[in-house]
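Enquirer: Questions regarding the structure given below will be posed in turn.
The values are calculated or read from the model by the stated rules, or taken from the named source; none is laboratory data. All of these numbers come straight from a predicted model, not from anything done at the bench. Here Cβ is always computed from backbone atoms with ideal geometry, including for glycine, and neighbour counts include all displayed protein chains.
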Amino acid sequence: MLSRRLFLKSTGLIGCSAAAHPILSSIAFASAPGENRLVVIILRGAMDGLDVFQPYGDPRLRKLRKTLSAGPENGALDLDGFFALHPRLEPLMPLWQAGELAFVPAVSTPYRDKRSHFDGQDMLEAGTGTDIDLRNQRDGWLNRLLQQMPGLRSETAYSVGVSDMRILDGPAPAKSWAPEAEFDLGPQAQRLLERVYHDDPLFRVAGGQAMEIAAEGIGRTVADAGPSRDVRALAKFAADRLNDQTRIATFSISGWDSHARQPQVLGRALDRLADAVLTLKQGLGANWSQTTVLAMTEFGRTVAENGSGGTDHGTGGAMLIAGGAVRGGRVVGRWPGLAEGDLYAGRDLMPMRDIRAYAAWALRDLFGLSRDALEQAVFPGLDMQDNPRILA
Amino acid sequence: MNFNPDIAAIRLGYGLSARVPPPQTADAFLRSVALSVPDDHAVSMDHVRAEQTMLSDLNSLRKKDPEAASVKEIRQQQRQMRIQSAEAVRHRFARAAGDPGGFGERLVQFWADHFTVSGGSPYHDLMAAAFVDEAIRPHLQGSFAQLMFAAETHPRMVTYLDQDRSFGPHSWLARRRKGRDLGLNENLAREMIELHSLGADAAYSQKDVRQLAKLLTGLSFHLRRDGNFRPVMAEPGAETVLGQQYGGDRPASLDDIRAVIKDLAAHPATSRHLARKLAVHFVADDPPQSLVDRLDATYRETGGNLPSLYAALLDGPELWRHFRQKVRQPFDFLVAALRALGLDQQRVLDLPMRQVNARLIRPLTNMGQDWAMPRGPDGWPEAAESWATPQGIALRIDWAMRQPRVLVPKLPDPRDFLQAALGETASEALKWAVPRAESAREGLMIVLASADFNRR
């Protein structure tokens with residue numbers, strides 16, 4: 001040890017290491033803002049809400065969909081006599097019965113007509129309206145939420161996984177990590193790397209966090225083998241962070257783009273979603289009672305089945321809400337109907353409300369943000385209207 | 001500004017090689033793109049069809065009579081196909097590692113990403129490899145319209161974007177099989193406009209997508225049927241896409257599809273979209289307008305001649321001025337590391353498959369670039385922030401600590417390695433840090449994990 005200290009002194013490194021050392025600085029943080037927890041799951045690829053929460057009580061559904069979404073007679077689980085839950089979400093039925101699962105059947109972002117996944121996801125994550133050019137939009141709505149939160153620290157919010165989460169991009173500090181990332185560096189190698197990264201802001205921040213988190217060894221999340229192992233690992237890691245100082249976590253589940261063979265495609269994706277929610281619940285233990293999970297997708301799919309046993313890009317879609325903190329066991333928001341005049345552009349489910357309004361009310365009730373801050377800063381230009389009261 | 005072979009190889013290729021020097025003039029650099037044509041190891045759809053037909057025959061034999069084909073034979077065939085697709089990946093690494101300038105191989109990567117298809121099963125992995133060898137490599141030096149036609153009509157694109165499941169609502173087949181409710185699938189039509197040609201910002205409507213989807217019907221793929229056009233699936237009558245009418249006066253054929261692709265390729269929005277995309281990929285996430293304008297003008301003046309676009313990238317000051325504004329994607333990072341470590345094409349081909357999996361293919365997945373499995377048809381993200389994330393950097397540090405000593409018999413002196421990897425471009429901080437590492441292993445790690453090496 002002595003020889004290393006001497007070496008460091010002689011190279012002039014000691015001055016820039018101790019004070020700025022990320023591990024040391026993280027110990028001095030103040031307490032986290034409150035005990036409420038939010039998990040946002042982005043479902044990439046456009047989930048078919050009509051198949052996940054099947055409005056089998058509407059006789060038009062059978063005319064529009066010959067093979068898909070056939071309701072309880074095809075194994076779906078009745079929820080309220082009108083909607084039925086896709087059979088692959090059966091593992092979540094106990095949550096519905098316990099009042100910890102709800103859904104909004106017909107929502108969307110303000111994105112309309114072009115039906116591009118990428119623009120749709122960008123708008124969902126940016127949380128902005130159609131008045132702002134998405135290409136110039138660099139921060140996401142979770143980051144703008146952080147900018148409004150007192151007592152913020154970089155651990156407050158985490159994006160988990162190797163995929164890009166624009167929803168958390170922006171100037172407010174937040175962390176990101178993937179459970180796969182692990183390495184072991186000696187202190188000398190670490191200090192040299194810090195020096196090498198010093199003049200490159202991007203690498204300085206990201207590399208600094210990498211070394212900090214790896215040194216703490218918090219990425220060693222082991223999940224049992226199985227097809228949804230990666231998603232369970234993300235959810236387990238998120239739960240561990242949320243049990244500690246983190247209050248907001250976000251990750252994504254892809255694989256929803258069911259243009260063909262929808263039962264298989266959607267079935268696999270729903271298995272992963274169910275596993276993610278149940279892993280969160282299990283991992284959070286007692287903290288589950290203060291947790292709200294919002295699972296959002298960029299848009300819905302066509303009300304009619306297409307020629308290849310699937311559905312194409314649409315407009316209105318569903319949002320899944322789960323958690324011990326929610327007022328579940330119910331359908332939230334209005335149902336537009338499936339008659340020709342009820343549809344958007346004659347082909348899509350009509351969105352009954354801006355999905356951002358639900359997110360905004362959740363943020364108000366979870367973190368106490370003012371309506372002004374939400375309508376002007378977090379979701380600029382949004383009219384929140386009345387409270388849908390998704391929290392218990 | 002003067003041509004700098006090292007910077008050209010780092011920015012337009014996969015970095016410097018410890019074995020092969022890059023081409024020394026701009027002309028030689030551009031000419032080297034010709035090296036990236038299909039070679040003896042190219043995967044063909046004929047081959048993929050034969051392998052998959054064998055597998056499918058074995059499966060149906062066994063369905064009829066469990067004695068006729070054993071589970072072992074089926075597994076053996078599946079294994080065979082998995083090995084072949086892993087060999088194709090190894091070959092991609094090997095060609096990129098061995099190419100002197102690397103520009104041709106980067107262009108293969110760029111266009112294969114522009115026209116994203118995915119793998120998944122061993123069958124689809126092999127098809128995706130055939131897509132690169134049949135649709136991309138032969139058309140690197142022609143016009144964009146030729147490349148686009150080859151890409152859109154290739155069996156892997158047709159199946160990836162569900163075109164093989166799209167039936168003209170009034171086609172012969174749909175009328176004959178009324179009960180099955182065969183209809184349109186818009187997937188390929190939408191991505192052709194939004195991603196492959198005009199771009200999402202351009203002026204087009206859902207109606208154009210719908211009309212193009214109708215026009216594309218007939219383009220299909222079936223394992224046991226030759227050809228990629230089935231008139232029985234085609235919607236009869238004319239379609240109007242972006243104000244231009246196609247077909248109608250004669251039976252539907254691939255010619256109508258060729259005509260609409262030619263027009264989409266010639267559209268000014270396509271020129272702008274591709275100009276910007278090339279500039280973003282090769283020069284800067286937020287590219288200088290002068291470069292985008294020059295590429296756009298070149299595209300329009302030459303009718304989308306690809307070699308002219310490549311030359312235009314090298315023409316002005318932007319390539320040299322914006323050095324290190326891009327971050328290497330995981331595949332680029334791994335290939336650049338192989339090159340700096342002195343692994344040439346043959347030495348990568350000689351790597352046992354177990355090593356290829358453990359040192360290259362699995363790390364790619366962990367670093368967020370699962371081979372042939374991008375998140376969606378828009379391909380891999382470009383922004384530096386997408387790759388230089390804490391977890392992304394952690395995985396590169398981890399790779400740099402563990403893998404070099406397994407890939408080469410003896411680790412080079414870190415100072416020599418720094419020179420081999422970055423030439424005269426290394427920063428003072430890196431030159432200062434590398435000799436101070438505690439071991440050769442850590443010295444190499446610092447080079448490979450540095451911002452200098454991870455940017456281009």
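Enquirer: Just for region A:161-173: of the residues that are buried (at least 22 other Cβ atoms within 10 Å of the Cβ) and more than 20 Å from A:M123 (Cα to Cα), which one is nearest to the other protein chains (Cβ to nearest Cβ)?
Expert: By that ranking, first place goes to A:V162.
Enquirer: Another question, then. Looking at region A:125-146 only, could you name the residues that are more than 14 Å from every other protein chain (Cβ to nearest Cβ), in contact with a Gly (Cβ under 7 Å, 6 or more places away or on another chain) and at pLDDT 80 or above?
Expert: Of everything in region A:125-146, those that are more than 14 Å from every other protein chain (Cβ to nearest Cβ), in contact with a Gly (Cβ under 7 Å, 6 or more places away or on another chain) and at pLDDT 80 or above turn out to be A:A126, A:G127, A:G129, A:W141, A:R144.
Enquirer: If you take the residues of region A:276-287 that are surrounded by 22 or more Cβ atoms within 10 Å (Cβ to Cβ) and touching a Lys or Arg at 6+ places or on another chain (Cβ under 9 Å), which of them is farthest from the other protein chains (Cβ to nearest Cβ)?
Expert: Among them, the one singled out is A:L284.
Enquirer: Kindly indicate whether B:S32 is of a type in the set (G, A, S), over 17 Å from the mean Cα position of the chain (by Cα) and either surrounded by fewer than 20 Cβ atoms within 10 Å (Cβ to Cβ) or under 30 Å from B:G13 (Cα atoms) (or both).
Expert: Working: of a type in the set (G, A, S): yes; over 17 Å from the mean Cα position of the chain (by Cα): yes; either surrounded by fewer than 20 Cβ atoms within 10 Å (Cβ to Cβ) or under 30 Å from B:G13 (Cα atoms) (or both): yes.
In short, yes.
Enquirer: Could I ask something else about it? Quick check on this structure: which one of B:V132, B:V117 is part of a helix (DSSP H, G or I), in contact with a Lys or Arg (Cβ under 8 Å, 6 or more places away or on another chain), buried (at least 22 other Cβ atoms within 10 Å of the Cβ) and β-branched (V, I, T)? Quick ask: steps written out before the conclusion?
Expert: Details: B:V117 fails: part of a helix (DSSP H, G or I).
Answer to the selection: B:V132.
Enquirer: With the checklist (1) surrounded by fewer than 22 Cβ atoms within 10 Å (Cβ to Cβ); (2) at pLDDT 95 or above; (3) assigned to a helix (DSSP H, G or I) in hand, flag the one item B:Q141 doesn't pass.
Expert: Of (1) surrounded by fewer than 22 Cβ atoms within 10 Å (Cβ to Cβ); (2) at pLDDT 95 or above; (3) assigned to a helix (DSSP H, G or I), only one is false for B:Q141: (3).
Enquirer: Please go through region B:365-402 and give me each residue that is closer than 19 Å to B:A128 by Cβ, among the small types (G, A, S) and facing chain A (nearest Cβ under 7 Å), ordered by number.
Expert: Of everything in region B:365-402, those that are closer than 19 Å to B:A128 by Cβ, among the small types (G, A, S) and facing chain A (nearest Cβ under 7 Å) turn out to be B:G368, B:G376.
Enquirer: Kindly indicate whether A:G337 is modelled with pLDDT of 95 or more and part of a loop (DSSP other than H, G, I, E, B).
Expert: yes
Enquirer: Something else now. Run down B:A311, B:A388, B:A384, B:A400 and say which single residue is surrounded by fewer than 17 Cβ atoms within 10 Å (Cβ to Cβ) and either among the β-branched types (V, I, T) or within 23 Å of B:R11 (Cα to Cα) (or both). Give the derivation first.
Expert: Numbers: B:A388 fails: surrounded by fewer than 17 Cβ atoms within 10 Å (Cβ to Cβ); B:A384 fails: surrounded by fewer than 17 Cβ atoms within 10 Å (Cβ to Cβ); B:A400 fails: surrounded by fewer than 17 Cβ atoms within 10 Å (Cβ to Cβ).
Exactly one residue qualifies, and that residue is B:A311.
Enquirer: Taking the conditions exactly as written (over 26 Å from the mean Cα position of the chain (by Cα), within 24 Å of B:D378 (Cα to Cα) and aromatic (F, W, Y)), does B:Y246 satisfy them or not? Before the answer, list the steps.
Expert: Numbers: over 26 Å from the mean Cα position of the chain (by Cα): yes; within 24 Å of B:D378 (Cα to Cα): no; aromatic (F, W, Y): yes.
Criteria not met by B:Y246.
Enquirer: I'm trying to understand the selection: among the residues of region B:435-456, which are more than 7 Å from every other protein chain (Cβ to nearest Cβ), surrounded by fewer than 24 Cβ atoms within 10 Å (Cβ to Cβ) and over 14 Å from B:I397 (Cα atoms)?
Expert: B:P435, B:S439, B:A440, B:R455
Enquirer: Out of (1) exposed (fewer than 15 other Cβ atoms within 10 Å of the Cβ); (2) at the interface with chain A (Cβ under 10 Å from one of its Cβ atoms); (3) of a type outside the set (F, W, Y); (4) in contact (Cβ under 8 Å) with a residue 40 or more places away in the chain, the odd one out for B:R180 is which?
Expert: (4)
Enquirer: Taking the condition over 20 Å from the mean Cα position of the chain (by Cα) and touching a residue at least 24 places away in the same chain (Cβ under 8 Å), does A:S370 pass? Write out each step before concluding.
Expert: Values: over 20 Å from the mean Cα position of the chain (by Cα): yes; touching a residue at least 24 places away in the same chain (Cβ under 8 Å): no.
When the stated conditions are applied, A:S370 does not pass them.
Enquirer: Between B:L147, B:L126, B:L195, which is part of a helix (DSSP H, G or I) and under 17 Å from B:S85 (Cβ atoms)? Before the answer, list the steps.
Expert: Details: B:L147 fails: under 17 Å from B:S85 (Cβ atoms); B:L195 fails: under 17 Å from B:S85 (Cβ atoms).
Matching residue, one of B:L147, B:L126, B:L195: B:L126.
Enquirer: What number goes with the only condition from (1) within 14 Å of chain A (Cβ to nearest Cβ); (2) more than 16 Å from the chain's Cα centre (by Cα); (3) in a loop (DSSP other than H, G, I, E, B) that B:R362 does not pass?
Expert: Every listed condition holds for B:R362 apart from (3).
Enquirer: Can you name the residue in region A:238-275 that is at pLDDT 95 or above and acidic (D, E) and is also nearest to the chain's Cα centre (by Cα) among such residues?
Expert: Out of the qualifying residues, it is A:D275.
Enquirer: Hey, another quick one. Sort through B:A297, B:A358, B:A269, B:A279 and tell me the only one that's closer than 18 Å to B:R106 by Cα and of a type outside the set (S, T, N, Q).
Expert: On the way: B:A297 fails: closer than 18 Å to B:R106 by Cα; B:A358 fails: closer than 18 Å to B:R106 by Cα; B:A269 fails: closer than 18 Å to B:R106 by Cα.
One residue alone meets the criteria, B:A279.
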